[in-house]
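**Q** I have a structure here, written as structure tokens, and I will follow up with some questions on it.
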Amino acid sequence: MQIPNEVAEYFQNGRRKIMSVFANDNFTLSLIFDNNEMRIYDMKDNLNGDVFKPFRILSEFKRVFVDENGGVAWDINPTIDSNVVWNNRVDLCPDSCYLKSFPVYFHNNV
């Protein structure tokens, strides 16, 4: 099986780190990466699966954050420590967030 060109290019150029995430009203995520690039990740397809079912409610979806491993994450129950109860967290890895999102612009940290 051959690695798709865009995936090979991404890893060849160096992996990106998510610096911040913001949930939008249309169930997309605005992501800012360590190269100051802003990208949009559309979560609508993910929300069809059972794993993301709790986040079909916009207020729950908006509880997104960047976790200690640099992934996009949600705690299913925000009152439970997900470092103790590991199955309380749903997350996406930074690599897939970058590869499955589309660029909007380069963010200027002024």
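**Q** Work out, step by step, the length gained on full extension between residue 93 and residue 63: first 0.36 nm times the residue separation, then minus their alpha carbon distance; give nm to one decimal.
**A** 9.1 nm
**Q** Where does each of 6, 37 land when they are ordered by accessible area, with a 1.4 Å probe and the largest first?
**A** Ranking 6, 37 by accessible area, largest first, yields 6, 37.
**Q** Ok, one more. Can you work out ³J(HN,Hα) from phi for every residue in the stretch 24-37, in order, using Karplus 6.51 cos²θ - 1.76 cosθ + 1.60 and θ = phi - 60°, giving whole Hz and x for Gly and Pro?
**A** The phi angles translate into 9, 5, 9, 6, 10, 10, 8, 10, 10, 9, 5, 9, 6, 8 Hz.
**Q** How would the chain be classified by its alpha-carbon gyration tensor: rounded, prolate or oblate, with rounded meaning a/c under 1.5 and the a/b versus b/c comparison settling the rest?
**A** prolate
**Q** Follow-up question, since we're still on this one. Which shape class applies to the stretch 1-56: rounded if a/c is under 1.5, otherwise prolate when a/b exceeds b/c and oblate if not, where a ≥ b ≥ c are the square roots of the Cα gyration tensor eigenvalues?
**A** oblate
**Q** Around residue 70, what is the net charge, scoring Lys/Arg as +1 and Asp/Glu as -1 over all other residues with Cβ under 12 Å from its Cβ? Write down the numbers at each step before the final one.
**A** Working: positive: 15, 16, 17; negative: 34, 67, 68, 91, 95.
Taking every Cβ under 12 Å from that of residue 70, the sum is -2.
**Q** Further, regarding this structure: Can you give the helix-only mean residue ellipticity at 222 nm for the chain, where every DSSP H stretch with n ≥ 4 adds -39500 (n - 2.57) and the sum goes over all residues, rounded to the nearest 500 deg cm²/dmol?
**A** Helix contribution divided over all residues of the chain: -4000 deg cm²/dmol.
**Q** With the crude spin-label approximation of a point 7 Å out along Cα→Cβ, what separation in nm comes out for residue 8 versus residue 40?
**A** Rounded to a tenth, the inter-label distance reads 3.1 nm.
**Q** Starting from the amide H of residue 37, placed 1.01 Å from N in the peptide plane, find each other amide H under 5 Å away whose residue is 5 or more places distant or on another chain.
**A** Long-range HN contacts for residue 37: 107.
**Q** Local charge sum around residue 19 (other residues, Cβ-Cβ under 11 Å, Lys/Arg +1, Asp/Glu -1)?
**A** Combined, the nearby Lys, Arg, Asp and Glu give 0.
**Q** Which of rounded, prolate, oblate describes the stretch 54-98, given a ≥ b ≥ c as roots of the alpha-carbon gyration tensor eigenvalues and a/c under 1.5 marking rounded, otherwise prolate only if a/b is larger than b/c?
**A** oblate
**Q** Please work out the average accessible area per residue across the chain, using the 1.4 Å probe convention, and give it in Å².
**A** 64 Å²
**Q** Work out from phi, with θ = phi - 60° and the Karplus expression 6.51 cos²θ - 1.76 cosθ + 1.60, the ³J(HN,Hα) of each residue of the stretch 79-85, listed in order in whole Hz, and give x for Gly and Pro.
**A** Computed from phi, the couplings for the stretch 79-85 are 8, 9, 6, 6, 6, 9, 9 Hz.
The values are calculated or read from the model by the stated rules, or taken from the named source; none is laboratory data. Quick caveat: nothing in here was measured; it's all calculated off a predicted structure. In this analysis, Cβ positions are derived from the backbone assuming ideal geometry, glycine residues included, and neighbour counts consider all displayed protein chains. The accessibility values were calculated without ligands, DNA or RNA, using every heavy atom of the protein model including side chains. Shrake-Rupley method; radii C 1.70, N 1.55, O 1.52, S 1.80 Å.
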